[in-house]
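The values are calculated or read from the model by the stated rules, or taken from the named source; none is laboratory data. Everything numeric here is computed off the predicted structure, so don't read it as measured data. For neighbour counting, all protein chains shown are included, and Cβ atoms are generated from backbone atoms with ideal geometry for every residue, glycine included. Just so you know, the surface numbers come from the protein's heavy atoms only, side chains and all, with ligands and any DNA or RNA stripped out. Shrake-Rupley method; radii C 1.70, N 1.55, O 1.52, S 1.80 Å.
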Amino acid sequence: MSKRDYYEVLGVQKGASADEIKKGFRQKAKELHPDRNADNPNAEAQFKEANEAYDVLKDPEKKAAYDRYGHAAFEGGMGGGGRPGGGFGGGHGDFGSSFSDVFDDLFGDMMGGGRRGGGGQRATRGSDLRYNLRISLEDAFSGLQKTINVPTAVGCDECNGTGAESGAEPTTCPTCSGMGKVRAQQGFFTVERTCPTCSGMGQMIKNPCKKCGGAGRVEKEKSLSVNIPAGVETGTRIRLGGEGEAGLRGGPAGDLYIFIEVQEHKIFEREATQLYCRVPVSMTSAALGGEIEVPTIDGGRSRVKVPAGSQSGKQMRLRGKGMPALRGGATGDMFIELAVETPVNLTSRQKELLQEFEELAADNNPHSSKFFSSVKSFWDSMKS
């Protein structure tokens, strides 16, 4: 069976640059990794093919010979700038020589981060923390300064966060030589794992601090003053940089994220910067018109004129009486929605007056007249 073109194997165009060739091999190496191809019995053979192609194309001399003579350049009969005696000989099937070029990039992607040399993992960044804060709608309107208590890990003051007793310096891990990871050969593949001796730290502490046990941090409740800006909504996130969990062995602290929840209000309903207030009015006030007094979110009062003949659901706008925008801009409006209230617990005299009014109100209910006229037409059409 004839060999496939090396450029085709790596998925790159002929004449591709060294970076493009390396990128193509890196992609193929990830695609054909055994962890991702448990059900593909051909993965190993395909990887060997990609490794062979890369070993040739990454070498300028081999690449030039391949571009000129193709696979025949490596069959022992072609002269050229290769090994003594013609051809370039074997070696391009050697896994280690090729894969080492992209080992760090490949395993960095698959393991959630790259390798760190020289003990770079000794100081580990602390975790980010989340704090849920409930506030009232009034507080969301005006903004506030609030003190919160956050249980977290803070730097140990006994060892200044180093984790070592009396400030002694950690020593390099003898197992991984400070790399934090070790390599193991498993058949065809070389696998990189976290060092079991130092747990990936790259360094070890012979005399750990008695207060923090060598971690460089201790559990403690921290009190923080938080500025809640006006206009926040439920789901608003406030980030406090460096106020999260302290780093391990002197590493940088994480961040604290405060998630805002605005409580429901007894009077107002909110939609972004708009406020809605449902106000009950008597039947006579709605019929005759007049003025009503309504509350505003800032604690004030506003007088609103009710037009004569108002129906339930009618809305009136109070401009600039809504919520402020979080990041500046115009303040929203407040909408008053009328709810016409039917009287209850009528006296005999009230019933008599309403009955008398009903007899005189044939032309005062246009919506009822229109509705029942449509109903009559519907019934007539069904009969025919």
Study note, to complete from the structure: The number of residues in the range 260-286 that are open to solvent by 50 Å² or more (accessible area, probe 1.4 Å) and aromatic (Phe, Trp, Tyr) is 1
Check your understanding: Give me the pairs: first residue in the range 189-205 and farther than 30 Å from Phe47 by Cβ, second residue of a type outside the set (D, E, K, R) and not in a loop (DSSP other than H, G, I, E, B), beta-carbon distance under 6 Å, and six or more apart or on different chains, which are they?
Key -> Cys198/Met204; Gln203/Thr172; Met204/Thr171; Ile205/Ala164
Check your understanding: Say we look at the range 265-312 and pick out the residues that are part of a strand (DSSP E or B), basic (Lys, Arg) and without any contact (Cβ under 8 Å) to a residue 60 or more places away in the chain; which of these is nearest to Glu341 (Cα to Cα)?
Key -> Lys305
Practice item. Check off (1) loosely packed, with under 13 Cβ neighbours inside 10 Å; (2) under 29 Å from Thr162 (Cα atoms); (3) without any contact (Cβ under 8 Å) to a residue 40 or more places away in the chain; (4) not basic (Lys, Arg) for Leu240 and give me the number that stays unchecked. Key: (1)
Exercise for review: Pull up the range 290-300, narrow it to residues that are loosely packed, with under 14 Cβ neighbours inside 10 Å and farther than 24 Å from Gly328 by Cα, then point me to the one that is nearest to the chain's Cα centre (by Cα).
Suggested key: Glu293
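Here's the yes/no breakdown for (1) open to solvent by 50 Å² or more (accessible area, probe 1.4 Å); (2) outside any helix (DSSP H, G or I); (3) modelled with pLDDT of 50 or more; (4) of a type in the set (A, V, I, L, M):
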residue: Gln27; (1), (2), (3), (4): yes, no, yes, no
residue: Ala50; (1), (2), (3), (4): no, no, yes, yes
residue: Lys63; (1), (2), (3), (4): no, no, yes, no
residue: His92; (1), (2), (3), (4): no, yes, no, no
residue: Gly120; (1), (2), (3), (4): no, yes, no, no
residue: Tyr131; (1), (2), (3), (4): yes, yes, yes, no
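Taking into account only those residues within the range 175-230 that are closer than 30 Å to Pro324 by Cα and in a strand (DSSP E or B), which is most open to solvent (accessible area, probe 1.4 Å)?
So in the range 175-230, the residues closer than 30 Å to Pro324 by Cα come out as 223-230.
Of the ones still in play, those that are also in a strand (DSSP E or B) are 223-228.
On the way: Ser223: 76, Leu224: 22, Ser225: 75, Val226: 2, Asn227: 95, Ile228: 2 Å².
Going through the qualifying residues, I end up with Asn227.
For residues that are within 30 Å of Pro229 (Cβ to Cβ) and touching a Gly at 6+ places or on another chain (Cβ under 9 Å), scanning just the range 330-363, find the one that is most open to solvent (accessible area, probe 1.4 Å). Show your work before the answer.
Residues of the range 330-363 within 30 Å of Pro229 (Cβ to Cβ): 330-337.
Now narrow it down to the ones that are touching a Gly at 6+ places or on another chain (Cβ under 9 Å): 330-335, 337.
Values: Ala330: 84, Thr331: 64, Gly332: 5, Asp333: 21, Met334: 0, Phe335: 29, Glu337: 58 Å².
Once the filter is applied, the top-ranked residue is Ala330.
Checking the condition of a type in the set (Lys, Arg) and within 30 Å of Asp128 (Cα to Cα), which residue from Arg270, Arg327 passes?
Numbers: Arg270 fails: within 30 Å of Asp128 (Cα to Cα).
Criteria check complete, one pass: Arg327.
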